[in-house]
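One structure is given here, and the rest of the page talks about it.
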Amino acid sequence: MTKEQLGNLVLASEDTLYHVAKTLLYNDADCADAIQETIVKAFSKIHTLKADAYARTWLIRILINECYTLMRKQKNLIPMDTLPETAQEANTEDYSDLYEALSRLTEPMRLTVTLYYMEGYSVKEIASLLDTTESAVKNRLMRARIRLKQDLENMEAAGI
């Protein structure tokens, strides 16, 4: 793959990169940093790509690793429950019920749901991306669906 082809792939995958980064990081500035580092690494490591057909998957894998690296660096964050109540309310008012329910899922389930439903990856592709089995991906999707349904029903019953 040439650098020009990689540039075109990056431009075509812009939304996907953002969705995956947002799933893991939440903060738009952190997402932008992770995506930028991903692009830099992709261009510098283009020679490690074994087959052009897997370029998009390779790019997503680099992004996931960058997100995890950024998360490790930010371990000294303030927990949400220590923030004043008004700040917590301001954060939750901007998001839909579904987005809030998604944010309550565990990280592996949230990432799996995002890749499957929002980005259209197959179970096999997700298993490859996350370095797990297809069975584990299917189980995460099933548990996530159940959990989302319960959370959304509880939110509706509570009138939130």
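The values are calculated or read from the model by the stated rules, or taken from the named source; none is laboratory data. Remember, predicted model here, so these are calculated numbers, not experimental data. No Cβ is skipped: glycine too gets one built from the backbone with ideal geometry, and neighbour counts run over all protein chains shown. Only protein heavy atoms, including side chains, enter the accessible area calculation; ligands, DNA and RNA are left aside. Shrake-Rupley method; radii C 1.70, N 1.55, O 1.52, S 1.80 Å.
With a sphere of radius 15 Å drawn around the Cβ of Leu17, what net charge do the other residues whose Cβ falls strictly inside it have (Lys, Arg +1; Asp, Glu -1)?
Working: positive: Lys22, Lys41, Arg56, Arg61; negative: Glu14, Asp15, Asp28, Asp30, Asp33, Glu37, Glu66, Glu119.
Around Leu17, the charge tally is -4.
By Kyte-Doolittle mean hydropathy of at least -1.0 and Cα axial length of at least 15 Å, which whole DSSP H helices of the chain are selected? Don't skip to the end; give the middle numbers.
Details: long enough: 14-25 (16 Å, 0.05); 28-44 (24 Å, 0.16); 55-73 (27 Å, 0.16); 134-158 (36 Å, -0.80).
Correct list, ordered by number: 14-25, 28-44, 55-73, 134-158.
Would you mind checking Lys22/Lys149; Lys3/Lys138; Lys73/Lys149; Lys22/Lys138 for any pair whose Cα atoms are more than 24 angstrom apart? Spell out each step's value before the answer.
Values: Lys22/Lys149 22 Å; Lys3/Lys138 35 Å; Lys73/Lys149 34 Å; Lys22/Lys138 22 Å.
Listed pairs above 24 Å: Lys3/Lys138; Lys73/Lys149.
Using 0.36 nm per residue, how much length does the chain from Gln36 to Ala12 gain when fully extended, once their Cα-Cα distance is taken away?
Roughly 7.1 nm would be gained on extension.
Pick the calculated Cα Rg over 2.2 N^0.38 Å for this structure from (i) 1.14; (ii) 1.10; (iii) 0.97?
Only one listed value fits the structure, namely (i).
Using the per-residue mean of other Cβ atoms lying within 10 Å as a proxy for protection, in what order, highest first, do the peptides 101-114, 130-143 fall? Present the calculation step by step, with values, prior to reporting the outcome.
Values: 101-114: 17.8, 130-143: 15.1.
Packing proxy ranking, top to bottom: 101-114, 130-143.
Place the peptides 118-128, 57-67, 147-157 in order of packing, highest mean first, counting for every residue the other Cβ atoms within 10 Å and averaging per peptide. Let's see the in-between values first.
Values: 118-128: 16.5, 57-67: 20.5, 147-157: 13.0.
Highest mean packing first, the order is 57-67, 118-128, 147-157.
Any chance you could look up the accessible area of Lys41 with a 1.4 Å probe, heavy atoms only, rounded to 10 Å²?
Roll a 1.4 Å probe over it and Lys41 shows about 90 Å².
Over the chain, give the accessible area per residue in Å² for a 1.4 Å probe, as an integer. Walk me through the intermediate numbers first.
Numbers: 9930 Å² over 160 residues.
Accessible area per residue: 62 Å².
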